[in-house]
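The values are calculated or read from the model by the stated rules, or taken from the named source; none is laboratory data. Just so it is clear, the structure is predicted and the values come from calculations on it, not from any experiment. Positions of Cβ are generated from backbone atoms using ideal geometry, with glycine treated the same way; all protein chains shown enter the neighbour counts. Protein only, heavy atoms only, side chains kept; ligands, DNA and RNA dropped before computing areas. Shrake-Rupley method; radii C 1.70, N 1.55, O 1.52, S 1.80 Å.
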Amino acid sequence: MSDKIIQITEMNKWFGDFQVLKNINLEVEKNKKIVVCGPSGSGKSTLIRCINRLEEHQQGSIIVDGNELTEDTKDIEKIRAEVGMVFQQFNLFPHLSILDNCTLAPIWVKKMPKKDAEELALQHLEKVQIADQASKYPGQLSGGQQQRCAIARALCMEPKIMLFDEPTSALDPEMIKEVLDAMVNLAKAGMTMIVVTHEMGFAKEVADEVIFMDEGMIVERAETKEFFANPKSDRTKLFLSQIL
Amino acid sequence: MMNKLNFLQPDKNNLNTYLYTGVILVSLSIFIVFLNSFFNKDIISFLPGSISFFLPLILGFIGLHLIRIDYSGLKFLDRVNKNINTNNFNAFLSLLIVFVIIKSLPPLLSWFILDANIAGDSKDVCTGSGACWTYIKIWFNRFMYGMYPNAEQWRINLSFIALASLGTIGFFATEKFKKYLTLYYVVVYPVIAFFFIFFFISGGPIFFDFSYGIIAAVISVIIGFFIPSKFKMYYFIIVPITLYILLKYVFFYEELIELGKLEALEWVETGAWGGLSLTFIVSFFCLIFCFPIGLFLSLGRRSDFPVIKYFSIGMIEFWRGVPLITVLFMSSVMFPMFLPEDMFIDKLVRVIIAISLFEAAYVAEVIRGGLQALPRGQYDAAKSLGMGYWKMHILVILPQALKLVIPGIANTFLALVKDTPLIFVVGLLEIVGMLNLAKTNPEWLGFAMEGYVFASVLFFIICYAMSKYSYNLEQKYKTER
Ligand SMILES: Nc1ncnc2c1ncn2[C@@H]1O[C@H](COP(=O)(O)OP(=O)(O)OP(=O)(O)O)[C@@H](O)[C@H]1O
Ligand SMILES: [Mg+2]
């Protein structure tokens, strides 16, 4: 039994004629934290969206927790329930209160009794420090609070993997820290995480490995220290010099 | 101390001077028009024709100009300035509107009230130049109930009162029952309404073929509550059908033939229904049916399955592409030809189906607009939480989309209510149909105007109530985005 929770082999994806992802090979072990970085348009979002099949790939295979994602995967919902995702634009449900945002999926997807779901939601909201906002609506919260709520919402499904797609890039600088703190805590608790971000401080602090993508390809993958200390490809060096 | 007066630029310093002059000028202009319109006296007729025509406007205009003082400190004046007197053009329009109202009041008043007749019970009393409300009074019953027999009209009244009070249950529901309200309004209430209409207003034999089905459904729903959810799916397919067959062919067979002859209430065929009550019945059922049909069509149009998608597109484009009047005509003339010989579907039912499908196409497109307005992130978020198609739509997408399209839906519903008069093409006469019938009655020729005014007022009340209600809904479900 391997502890590779995500296994992507020879994966290719096109949008029409345009090849977004080229020959992606990626294995992620349980409890590892991976940071993905790269210039805009390099296909980072597309890659992690493929992992819970918000996008379909055309070639190669993606295996998540032992289930291969194909066109006729019957229980794609079950797999998605195991993979939490946090989006750049938060994507909270504006018609529901913060608490209801968090309990909606546990109640209706996992069939959890309402009371238990609320208890669980409050626990997770407590962890990201917005339990006091539980009865408000998303529109009444600041960006940072919304994003933390989005993290809590994903955690309420008790996922095995968490995907983050630039969770802090729609936020003002002073709010970035509160979201990153929540993510650091989560990492320390042992969650398997794939994080697309440009926050290199975060990468240095928690990531086990860093992946650099460009033009749809994984250009470089290395242990965090190695990645920052001596990047191999010139493209990575250039990118790092721009971003640091 | 006296400030210099500059009449081109009134300011706060000489507030009183400007205010008095302005108010006097405006009052004078209104007074002139008022005298002219109400007492037919032209106090400025000594002036040349064109000047005397424009003088009130000019006076009022100057007056309004003089009182246009920003932040005068007088609350009322500031309100007036802000609302009807912001600039010269608005002042001009405001004056014009006031004059038109004053001008048109006397003739309207005299037609509606002063010269109108309402006493008596034949058209001989209508001698004045005003409206003949006697006509409405005499025909009122027909306008409300059509040809429905007078002695039986209590059935309509009772049904409507009962349904109206059942409809208000939502306001009294306690917190505990709130979650069942949607179920109640979407399923239970329409079924109750249907029973009322079918058994009570229509009357006739209590037991007929259809009623086995109803009994079977009711029994199986009641028992259904005690069935474990694992088997519910099969249960609701098998049990009602079995019950139906048992009821029809085994238990009740002999007795029912007897019971079927038992007529509790006199049967009134739908052809005799009419007037405002028919407007209500047709509108009510069409509203209830067209919404879910439209909802499914709009979802279908966005479906990934080609069959469902093209079926929905076909339905929507077909029903939007034909005029309602031809649809109604087809439903009464063409449709029966496709039915088997011995099968008969009531005219009213066919009309309701036709209008529902027709309006459903519009509802579908309105809802689709709402669905498209939602950002893709909402779908992504719902999916990433493990929701399937139905959960995603019911819990996340539709609550938001429907909220967005309340004004559009209200629009369609209002249009539907105002389209109901078209059912005259199949011989059903709701209120406008009855009016058209009444106006050709040789006894009562020449009162079309009163009739149409009467119908307009009724339609306005109904539609305005609906529009107010939709506005309230909009406010109630408004959340910050
Ligand atoms: N639905 C789509 N249809 C067509 N092309 C798309 C679609 N989504 C993304 N693309 C294209 O695919 C490429 C990769 O997009 P992606 O969003 O994965 O980039 P990214 O690395 O996340 O960039 P950013 O840092 O700006 O978020 C881009 O060139 C983009 O234009
Ligand atoms: Mg991106």
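Just a few scattered comments:
- Amide H partners (placed H, <5 Å) of A:Thr192, local residues excluded: A:Asn31, A:Met162
- A:Lys136 - accessible surface, heavy atoms, 1.4 Å probe, Å² rounded to 10: 80 Å²
- Chain A, dipole about Cα centre (Lys/Arg Cβ +1, Asp/Glu Cβ -1), debye to the nearest 20: 240 debye
- Relative contact order [Cα under 8 Å, 6+ residues apart], the range A:110-204, whole percent: 28 percent
- Buried surface for the B/A pair, taken as the accessible area of each chain alone minus that of the pair with a 1.4 Å probe, is close to 2000 Å² in total.
- Positive-end extreme of charge dipole, the range B:275-389 - chosen from B:Ser298, B:Phe311, B:Phe285 (charges on Cβ): B:Ser298
- Of the solvent-accessible surface of the protein assembly as shown, computed with a 1.4 Å probe and all protein chains present, 64% belongs to carbon and sulfur.
- Loop-located chymotrypsin sites (Phe, Trp or Tyr not before Pro) across the range A:154-238 with a Cβ neighbour count of 10 or fewer within 10 Å are lacking, with loop assigned by DSSP.
- C-alpha long axis of helix A:234-243 to longest principal axis of chain A, angle in °: 40 degrees
- Computed about its Cα centre, the charge dipole of the range A:18-62 is approximately 160 debye, with only Lys, Arg, Asp and Glu carrying charge at their Cβ.
- 10 Å Cβ neighbours from other chains, averaged over peptide B:392-405: 2
- Taking amide hydrogens as placed 1.01 Å from N in the peptide plane, the amide H of A:Val219 sits under 5 Å from those of A:Phe212, A:Met213, A:Asp214, each at least 5 positions away in sequence or on another chain.
- Residues in the range B:449-481 that, when all protein chains are in place, have 40 Å² or more less accessible area than the chain alone would give (probe 1.4 Å): B:Thr479, B:Glu480
- 3J(HN,Hα) along the range B:361-376: 4, 5, 4, 4, 5, 4, 5, 4, x, x, 4, 6, 6, 6, x, 4 Hz, from the Karplus curve 6.51 cos²θ - 1.76 cosθ + 1.60 with θ = phi - 60°, whole Hz, x for Gly and Pro.
- When the charge dipole of chain B is built from unit charges on Cβ atoms (+1 for Lys and Arg, -1 for Asp and Glu) and taken about the Cα centre, the candidate among B:Gly120, B:Thr17, B:Tyr389 whose Cα reaches farthest toward its positive end is B:Thr17.
- Principal-axis tilt of helix A:98-108 within chain A, Cα atoms, nearest 10 degrees: 80 degrees
- Working note: 222 nm ellipticity from helices only, DSSP H runs with n ≥ 4, each -39,500 (n - 2.57), summed and divided by the residues of chain B, gives -20500 deg cm²/dmol to the nearest 500.
- For the range A:33-47, putting each phi into the Karplus relation 6.51 cos²θ - 1.76 cosθ + 1.60 with θ = phi - 60° gives couplings of 10, 10, 10, 10, 9, x, x, 4, x, 7, x, 5, 4, 4, 4 Hz, in residue order, rounded to whole numbers and with x for Gly and Pro.
- Sparse packing (at most 11 other Cβ atoms within 10 Å of the Cβ) combined with a DSSP loop state is found for the following GluC sites (Glu not before Pro) in the range B:324-397: B:Glu341.
- HN-Hα J in Hz across the range B:94-103 - Karplus 6.51, -1.76, 1.60, θ = phi - 60°, x for Gly and Pro: 4, 4, 4, 5, 4, 5, 4, 5, 4, 5
- When you filter the chymotrypsin sites (Phe, Trp or Tyr not before Pro) in the range B:338-419 for DSSP loop state and at most 14 other Cβ atoms inside 10 Å of their Cβ, you are left with B:Phe344.
- Per residue, the accessible area of chain B comes to 58 Å², computed with a 1.4 Å probe over protein heavy atoms only.
- Size of charge dipole - the protein assembly as shown - debye, nearest 20, with Cβ of Lys, Arg +1 and Asp, Glu -1, no other charges: 1400 debye
- Most positive-pole-ward Cα, A:Gly66, A:Ile5, A:Ile98, against dipole of chain A from beta carbon charges: A:Ile98
- Nearby aspartates and glutamates by direct alpha-carbon distance to A:Lys32 (threshold 12 angstrom, same-chain neighbours under 8 apart not counted): A:Asp3, A:Asp208, A:Glu209, A:Glu223
- The helix-only estimate of mean residue ellipticity at 222 nm for chain A, built from DSSP H runs of length n ≥ 4 each weighted as -39500 (n - 2.57), is -11000 deg cm²/dmol after division by the residue total.
- Its relative contact order, with pairs defined as Cα atoms under 8 Å and 6+ residues apart, puts chain B at 13 percent.
- Accessible heavy-atom area order of A:Lys22, A:Lys13, highest first, probe of 1.4 Å: A:Lys22, A:Lys13
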